[in-house]
Amino acid sequence: MNILVIMKRFSSGKDQIAENFGREVRLASELQRLGNSVTVLCADQAKKERLIMKLNGMTVEIYPFGILKVLGFLATAKKMAAQNDIIIGTSHPLLGIIAVMAAKGKPVVYDIRDNYETYALIKLPLLSKLMIRLVNNTAIKKSSLVVCGSNILAEMAKKTRNGPITVVPNGVNLKLYKPIGKEKCRKMLGLPLKDKIIAYSGGIRGAGVDVLISAFHMLEDKDKKLKLMLIGNELKSRYAETASASKGRITVEGSMPYGRLLYYLNSADAFVISYEPNDFTNIMYAPYKLVDYMALNKPIVCTDVGEMRKMLKGHEQLVCRPNDAEDMAQKIMAALKTKKANYRERLKEFTWERLGEKLNDAIKAMFKNRARGN
């Protein structure tokens, strides 16, 4: 099949094309690997560049995108859709509706990775949540197949459509994300070998980092070797003074390439995901952070939001109540006493290869059913 994927270039603070990163790139690449011919039309809302390149065997066409460029982008999408059998709209509700409009009756797959009603449609005050919901629901209704990143999102989509819905969560590259000896990593990074390090990496949105720091303060007098390591540009900007006042007990590193990040993460004794419950986190099933941490086989303290408890089956004793620093502190102590954590077995069903096959099967089934008139 010839497949056109319409997606954002920049997401989660990353250039998905330049960094070969993210759900959209990974799933599109797997569809290409499985014998389809995939072309990517990439909306560049940041640099607004016009480029054509190759990525993982796919042709990627990057076009400028913004409020004044929507019609031009739609015209390009229509031309490209005419040369393909299936159109996939993903990463934003506006791109989902553009996929529907460009398809002109051809089958459309709408991929819902997040609660899109938490997104900004375009940064104008008149385009409210009501407008976002309208665009999102229209894309859900008009698409031939809806793909959801979690079971909770699938239940939300069922309220809007009667057609096929399949759940394809986020995945992980187990060849890239793998355990590396803690001592080796600490020696390479110049970190003390005997410290007990708990780590969190990422951004701020819904992260509950203030609660994590409060939990750490409850524990630091009990164990002088305990350290908290935060990694990410937003974290460094917001918590630099906190780290400075901690006399080395809290450290903050800026964002870094994945290759180097792996050494920092593998230097830790345990991870903490301290998400607060909100419209964004309450639908989470397998966020990148969680599956990446799981791949390293270290104890994970995680707040009980979304479906992440389900992902951590067998390790529920380390799941804590959100916004509860005392409970988190208790779970951190339990994690530091945990001698063995094996999450990788669970992740065999969450590799990008397996998830790509699931998506490919769902698309083929949808395509056949349409051909039969069902």
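The values are calculated or read from the model by the stated rules, or taken from the named source; none is laboratory data. Since this is a predicted model, take the numbers as computed values, not measurements. Cβ atoms come from the backbone with ideal geometry, glycine included; neighbour counts cover every protein chain shown.
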Out of V60, V40, V100, I need the residue that is over 30 Å from M156 (Cβ atoms), aliphatic (A, V, I, L, M) and under 25 Å from the mean Cα position of the chain (by Cα). Which one?
V60
For G356, indicate whether it is at pLDDT below 95 and either in a loop (DSSP other than H, G, I, E, B) or not assigned by TED's automatic domain parsing to the domain that holds I198 (or both).
no
Taking the stated definitions as given, is Q16 of a type outside the set (G, A, S) and more than 15 Å from the chain's Cα centre (by Cα)?
no
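Name the residue, out of T59, T76, that is touching a Leu at 6+ places or on another chain (Cβ under 8 Å) and either outside the structural domain of I363 (by TED's automatic domain parsing) or at pLDDT 95 or above (or both).
On the way: T59 fails: touching a Leu at 6+ places or on another chain (Cβ under 8 Å).
The conditions single out T76.
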Close pairs (6 angstrom Cβ cut-off, 6 or more residues apart or separate chains): assigned by TED's automatic domain parsing to the domain that holds I140 and basic (K, R) in region 155-167, crowded, with 16+ Cβ neighbours inside 10 Å and not in a loop (DSSP other than H, G, I, E, B) anywhere
R161/I140
Which of the residues belonging to region 216-267 are assigned to a loop (DSSP other than H, G, I, E, B) and either among the charged types (D, E, K, R) or closer than 15 Å to K289 by Cα (or both)?
D221, K222, D223, K224, K225, G232, K247, R249, S255, M256, P257
Within region 268-285, track down each residue that is assigned to a loop (DSSP other than H, G, I, E, B) and surrounded by 24 or more Cβ atoms within 10 Å (Cβ to Cβ).
A268, S274, Y275, M284
For residues in region 313-323 being surrounded by 18 or more Cβ atoms within 10 Å (Cβ to Cβ) and modelled with pLDDT of 95 or more, which is nearest to L226 (Cα to Cα)?
L318
For region 301-353, which positions are touching a helix residue (DSSP H, G or I) at 6+ places or on another chain (Cβ under 8 Å), among the polar types (S, T, N, Q) and not in a helix (DSSP H, G or I)?
T303, N323, T338
Applying the selection to region 22-51, what residues are farther than 20 Å from L71 by Cα, surrounded by fewer than 19 Cβ atoms within 10 Å (Cβ to Cβ) and without any contact (Cβ under 8 Å) to a residue 40 or more places away in the chain?
G35, S37
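Table: residues versus (1) in a helix (DSSP H, G or I); (2) among the aromatic types (F, W, Y); (3) more than 25 Å from Q32 (Cβ to Cβ); (4) touching a residue at least 24 places away in the same chain (Cβ under 8 Å).
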{"site": "G72", "(1), (2), (3), (4)": "yes, no, yes, no"}
{"site": "A75", "(1), (2), (3), (4)": "yes, no, yes, no"}
{"site": "K78", "(1), (2), (3), (4)": "yes, no, no, yes"}
{"site": "G89", "(1), (2), (3), (4)": "no, no, no, yes"}
{"site": "I98", "(1), (2), (3), (4)": "yes, no, no, yes"}
{"site": "M101", "(1), (2), (3), (4)": "yes, no, no, yes"}
{"site": "G105", "(1), (2), (3), (4)": "no, no, no, no"}
{"site": "Y110", "(1), (2), (3), (4)": "no, yes, no, yes"}
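Here's the yes/no breakdown for (1) within 23 Å of K141 (Cβ to Cβ); (2) out of contact with any Asp or Glu (no Cβ under 9 Å at 6 or more places or on another chain):
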position: Q32; (1), (2): no, yes
position: Q45; (1), (2): no, yes
position: K69; (1), (2): no, yes
position: F73; (1), (2): yes, yes
position: K78; (1), (2): yes, yes
position: I87; (1), (2): yes, yes
position: K106; (1), (2): yes, no
Mind listing just one residue for me: the one in region 192-214 that is within 14 Å of E276 (Cβ to Cβ) and part of a loop (DSSP other than H, G, I, E, B) and, of those, modelled with the lowest pLDDT?
G206
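Results for (1) outside the structural domain of A286 (by TED's automatic domain parsing); (2) modelled with pLDDT of 95 or more; (3) touching a helix residue (DSSP H, G or I) at 6+ places or on another chain (Cβ under 8 Å), shown as yes or no for each residue.
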{"residue": "G72", "(1), (2), (3)": "yes, yes, no"}
{"residue": "I87", "(1), (2), (3)": "yes, yes, yes"}
{"residue": "T90", "(1), (2), (3)": "yes, yes, yes"}
{"residue": "P93", "(1), (2), (3)": "yes, no, yes"}
{"residue": "D111", "(1), (2), (3)": "yes, yes, yes"}
{"residue": "T118", "(1), (2), (3)": "yes, no, no"}
{"residue": "N136", "(1), (2), (3)": "yes, no, yes"}
{"residue": "S144", "(1), (2), (3)": "yes, yes, yes"}
{"residue": "V147", "(1), (2), (3)": "yes, yes, yes"}
Could you please find all residues in region 325-342 being at pLDDT 95 or above and closer than 25 Å to N151 by Cβ?
K331
Kindly indicate whether any position in region 176-192 is surrounded by 20 or more Cβ atoms within 10 Å (Cβ to Cβ), among the small types (G, A, S) and either touching a residue at least 12 places away in the same chain (Cβ under 8 Å) or under 30 Å from K106 (Cβ atoms) (or both).
no
Which pairs have Cβ atoms under 7 Å, sit 6 or more apart or on different chains, and link a residue in region 326-338 that is more than 18 Å from G208 (Cβ to Cβ) to one that is of a type in the set (D, E) and at pLDDT 95 or above?
L336/D269
